[in-house]
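One structure below.
The values are calculated or read from the model by the stated rules, or taken from the named source; none is laboratory data. Owing to the predicted nature of the structure, the values given are computational and were not obtained by experimental measurement. All Cβ positions, glycine included, derive from the backbone under ideal geometry; neighbour counts span all protein chains shown. Accessible surface is based on the protein model in full, side chains and every heavy atom, while ligands, DNA and RNA are left aside. Shrake-Rupley method; radii C 1.70, N 1.55, O 1.52, S 1.80 Å.
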Amino acid sequence: MGVLLDHVRGYYGVINSGDADAIAEYFTDDAVHYYTRMAPHRGREIAERAAWAVQNMEAEWSMYNGIDDGEQAVIGWAMKWRHPE
């Protein structure tokens, strides 16, 4: 397991906390998350959205597997959540 994958595992270790500050430590200001059903989020906005999802939708992420080559990582993950309505 490489340093990059360790970083990704660390992120998955804090994302379920709902702590936006802790989650934000894993992103640079120019980081971008792309989604299939909403506009991209950037920088701290990524962390704030994840914290909102934990607090309002009981969101929970799990990382199952991953590999990296030192520059890129590929992971298997899942998210479960409760629809707010």
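Quick grid of which residues meet (1) of a type outside the set (V, I, T); (2) farther than 16 Å from D6 by Cβ; (3) touching a strand residue (DSSP E or B) at 6+ places or on another chain (Cβ under 6 Å):
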{"position": "T36", "(1), (2), (3)": "no, yes, no"}
{"position": "A39", "(1), (2), (3)": "yes, yes, no"}
{"position": "R49", "(1), (2), (3)": "yes, yes, yes"}
{"position": "M57", "(1), (2), (3)": "yes, yes, no"}
{"position": "R82", "(1), (2), (3)": "yes, yes, no"}
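Under 6 Å by Cβ, and 6 or more places apart or on different chains, what pairs join a residue from the range 3-19 that is on the phi > 0 side of the Ramachandran plot with one that is buried (at least 16 other Cβ atoms within 10 Å of the Cβ)?
G18/A51; G18/V54
Kindly check whether there is at least one residue in the range 65-77 that is open to solvent by less than 50 Å² (accessible area, probe 1.4 Å), among the aromatic types (F, W, Y) and within 24 Å of V3 (Cα to Cα).
Scanning the range 65-77, I find no residue that is open to solvent by less than 50 Å² (accessible area, probe 1.4 Å), among the aromatic types (F, W, Y) and within 24 Å of V3 (Cα to Cα), so the answer is no.
State all residues of the range 53-67 that are more than 14 Å from M79 (Cβ to Cβ) and in contact with a helix residue (DSSP H, G or I) (Cβ under 9 Å, 6 or more places away or on another chain); if no residue qualifies, say none.
Residues satisfying the conditions are G66, I67.
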